[in-house]
Amino acid sequence: MKVLVVGAGGREHALALALSLDPAVAEVHAAPGNPGIGEVASLHDVDPMDGAAVAALAASIGADLVVVGPEAPLVAGVADAVREAGISVFGPSRDAARLEGSKAFSKDVMARAGVPTAGSRTCTTADEVAAALDAFGAPHVVKDDALAAGKGVVVTNDRDEALAHAAGCERVVVEEFLDGPEFSLFVVCDGEVGRPLQPAQDFKRIFDGGRGPNTGGMGSYSPLPWLPDGTVELVMEQVVGPTLAEMRRLGAPFVGCLYVGLALTATGPRVIEFNCRFGDPDVQPVLALLTSPLGELLRAAAEGDLGSVPAPTFADGAAVSVVLASAGYPETSSKGDVVRGVGRANGVNDVDVIHAGTSLVDAPEDGDPGHRHLVTAGGRVLAVRAVGYDVEDARTRAYAAADLITFDGLQRRSDIAAEPLGVVEGAASRG
Ligand code: AMP
Ligand code: GLY
């Protein structure tokens, strides 16, 4: 089959790599992709936000499956455009993507489906916000209702900071604080059936020890040796089943990856958020360990036929991804800094360098007119992903390979996957 991956980040690179390993996948294409994806896929200069253009590209290359990676095109209805063109697409409709596109909608769905989650209030005025902050108490959790690339959430003990964040948003959701280690569960869904992948953990804060502002994710690992047996089954039963049923009832069946972000609290797993796509970098180690064919799985989901393929399987051992970010991230990012050492790092056994924000620029000063340099082109630039015998081994390998890569202003955490209990980003260190 031919697969078109829509997007340009680390998630799409990890997907393209895993798809290229599926013997049933003859060709991988990407729109627009990035320099790393270009090593395993044909790149097409098409705007991922333009549904008609994506559908036209899919038709012209004879794609059997389109996988829409990021949330922005999903929320904008790009999957609908592809589906209307009669092409199988893995990714929710615009209506179903509201599970991520609106925090208030997703809280409503959770409430109606009886999903265990934090108590919350949706607020539009400063008085409502103040009342909600007092009702739930500190630590305060204030979320911008709109899409904010993982950066619209403030968790703080400082009431003034919570009020100030709310004042900058049109509508916010104020929540009860959930205490416990976080984890991500990616569930491949066909609208009715959900198939969980192996859980992962994402380190969201910019600095070591879970300090500093939230980012889109600075590193991840899988599996989670500390997660109690039976947790995935519990989440499938208490969260995923009821949510898929409620989405069907609303006439917006969820086809794609339901990303369940959870906290393992004293009273069991509770949902922090839903996203409508794979998480990045959290899905990177998961895909590194996947041993069953990804193309077949995603196509079956897209075609409402998940029941016909076996459950996904994973290799023993573990995988770790360490993100290399550019100067200024997450507030800003730096473009055009020359990146060195990617080839060497990629050449290390069991290591993949995943591209997120990179581009190639002509570098004729080297004397070779065709010579090009890899440069930074975004906040998260690369991730170094390694597979090992266990989390510690994978982590050691990832950092050894990451040490080979340099660019001006490089930021990375030194403690990704270092805490086996996974409580690094936990309550004590937040805000
Ligand atoms: P979200 O965009 O909803 O995932 O929030 C970003 C991050 O804020 C999460 O990964 C958590 O670390 C934190 N967070 C969000 N909601 C809560 C909550 N109710 N309790 C504790 N931490 C939260
Ligand atoms: N790593 C968090 C996200 O993808 O939203």
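List of remarks:
- In terms of accessible area, using a 1.4 Å probe and ignoring ligands and nucleic acids, H140, H165 rank largest first as H165, H140.
- Shape category assigned to the chain from the gyration tensor of Cα positions, a/c cut at 1.5: rounded
- In the stretch 1-100, Cα pairs under 8 Å separated by at least six residues give a relative contact order of 26 percent.
- Relative contact order, percent, the chain [alpha-carbon distance under 8 Å, six or more residues apart]: 17
- Think of it as helices only: each DSSP H run of n ≥ 4 in the chain is worth -39500 (n - 2.57), and spread over all residues that comes to -7500 deg cm²/dmol at 222 nm.
- Relative contact order of the stretch 100-192: 34 percent, from C-alpha pairs under 8 Å at least 6 residues apart in sequence.
- In the full protein context, the stretch 90-138 carries 41 Å² of accessible surface per residue, based on a 1.4 Å probe and ignoring ligands, DNA and RNA.
- Prolate/oblate/rounded call for the stretch 327-409, Cα gyration tensor, a/c under 1.5 rounded: oblate
- For the chain, the carbon plus sulfur part of the accessible surface works out to 50%, probe radius 1.4 Å.
- Longest DSSP-loop-exposure-free segment, GluC sites (Glu not before Pro), the chain, at most 13 other Cβ within 10 Å: 1-169
The values are calculated or read from the model by the stated rules, or taken from the named source; none is laboratory data. Please read all numbers here as calculations on a predicted model, not as lab measurements. Positions of Cβ are generated from backbone atoms using ideal geometry, with glycine treated the same way; all protein chains shown enter the neighbour counts. Surface areas here come from the heavy atoms of the whole protein model, side chains and all, with no ligands, DNA or RNA. Shrake-Rupley method; radii C 1.70, N 1.55, O 1.52, S 1.80 Å.
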